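In what follows, a structure is listed as structure tokens, so that the remarks can point back to it.
Each value in this text was obtained by applying a stated rule to the coordinates, not by laboratory testing. The shown structure was predicted, so the numbers you read here are calculated from the model rather than taken from an experiment. No Cβ is skipped: glycine too gets one built from the backbone with ideal geometry, and neighbour counts run over all protein chains shown.
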Amino acid sequence: MITEEMARACSAEMERTRRLDPGLLEAVHELGWFKLFVPEELGGRMLALPEALEVFEEAARLDGNLGWLVTIGSGGGMFAAYMEPEVARELFSPRAAVVAGSGAPSGVARKIEGGYTVTGSWKYCSGSSYATLFTANCRIAYGEAEADEEAPIRSFVFLPEQVEIVPDWNAFGLRATESHTMRVDRIFVPEERTFDLGEQKGFRDYAIYRYPFLPFAETSFAAMALGLARHFLDEASGLAEANKAGWEAAQAHRYPFVRQRIDRMETEWAQARDTFYRAVRESWDQVEHGGTLTEEAQRLVGQISKQAARTAVGCAGELFPYLGMHAVMEDTTINRIWRDLHTVAHHVLLVSFEEEKG
């Protein structure tokens, strides 16, 4: 179990060291939080999507870095279904198994006998220091030909000893996620450690592997944003109560003004959360019972996920100016939550590039 006291006691030090606390990492392994989507026969927990999203939300409420790493690390379990079952068993069965990697096709794999020779560089590989396997996408080159933009894309598994980590993650939030660049140079990857995300190889009875990847990712990040916003609201409320006497002495109307806004943001957050989980459960029930999600249904889940993230950021933004100079100091909890929340919500899958209707 990871308690609030345990997580919060580590947060400031993780901010300084830019690494996940070893005790928290061990607790995550003990809870199986990196294996939420790994088949039970491989030692995984295999939760239903709505239950897993609640884990992501709770982890993010405890600490943003923890929430991000659990979300990204557990998401890698989705790849187990696309590998040959015996390969998936080898890679995912160890207790500490966890994936880091990238979906960008920023590598080239040249086909040779028995496998591929791979060279490439991939940014934003969260959990890079403790991952037991890395995944990445490459464009395929054959013979002497170069791989161009039309070349087919395939996914590859690298072992830690094959990967060079370039420590370049320097964002203003989620500082302890070690979302560094990974690099490989002419390494050999056997055919069995490659896979095609359009070709499921096993574990077909699990509904999560039939749930479309885009709404899966969108809902995962939205749940995190909701968890961080919950932490922000709790911290803001605590600050208001701690400063009530001083605020009332200096400006009689300040405390009730801030309290009223906190209460209003609490209501907006709760409504957004209810709408989000209702949409997720409806889509999950459809897939779990053998149906498929239409493009329109997927679009709706994505739209509601983006709205949940906007509400999460909006709640924090509405309150931030009223919390005093304490809130702008980087070493305070409220400031760290604000930065982590904005970093999560900056993910391209939570940003809409279309004009909102209505």
Beta bridges per DSSP with both ends in the chain, % antiparallel, nearest 5: 80 percent
Anchor LYS123: lysines whose Cα lies under 24 Å away (excluding residues fewer than 8 positions away in-chain): LYS35, LYS111, LYS306
Label-point separation in nm, GLU26 to GLU84, each point 7 Å along Cα→Cβ: 3.7 nm
Top of MET325, MET14, MET78 by mean-square fluctuation, Gaussian network on the chain, Cα under 10 Å: MET325
Listed residues HIS289, HIS342, HIS29, most fluctuating in the chain (Gaussian network, C-alpha, under 10 Å): HIS289
Of the GluC sites (Glu not before Pro) in region 43-151, those whose Cβ has at most 13 other Cβ within 10 Å and which sit in DSSP loop: GLU113, GLU144, GLU146, GLU149, GLU150
Cut-off 13 Å (backbone N to label point 7 Å along Cα→Cβ of ALA96), residues of region 116-141: 129-133
Segment ASP148-THR275, extension gain: residue separation times 0.36 nm, minus the distance between their alpha carbons: 41.4 nm
Mean ellipticity per residue at 222 nm, deg cm²/dmol - from DSSP H runs of n ≥ 4 across the chain, formula -39500 (n - 2.57): -15500 deg cm²/dmol
Nearest 10 degrees, 0 to 90: helix 22-31 Cα axis against the chain principal axis: 70 degrees
Dipole axis of the chain (+1 Lys, Arg; -1 Asp, Glu on Cβ), positive-most option in ALA240, MET78, TYR206: ALA240
Size of electric dipole in region 132-264: Cβ of Lys, Arg +1 and of Asp, Glu -1, about Cα centre, debye, nearest 20: 920 debye
Mean Cα-pair separation over length for region 1-60, i.e. relative contact order, pairs under 8 Å, 6 or more apart, %: 20 percent
Additional length obtainable on full extension of the chain from GLN260 to GLU51, 0.36 nm per residue less Cα span: 72.0 nm
Cα centroid separation, region 35-83 to region 155-202 (Å): 18 Å
Charge dipole (debye, nearest 20) of the chain; +1 at Cβ of Lys and Arg, -1 at Cβ of Asp and Glu: 580 debye
ARG19/ALA104 FRET efficiency (R0 30 Å; Cβ-Cβ; nearest 0.05): 0.80
In degrees, nearest ten, helix 64-75 long axis to first principal axis of the chain (Cα): 30 degrees
Relative contact order (%) - the chain, alpha-carbon pairs under 8 angstrom, separation at least six: 18 percent
Rel. contact order, % - alpha carbon contacts under 8 angstrom, at least six apart, region 68-173: 23 percent
Dipole-positive endmost among GLN307, HIS347, GLN260 within region 210-358 (Cβ charges, Cα centre): GLN260
Spacing of the two label points (7 Å from each Cα toward its C-beta) at GLU113 and HIS253, in nm: 8.4 nm
Angle in degrees between helix 213-242 and the longest Cα principal axis of the chain, rounded to the nearest 10: 30 degrees
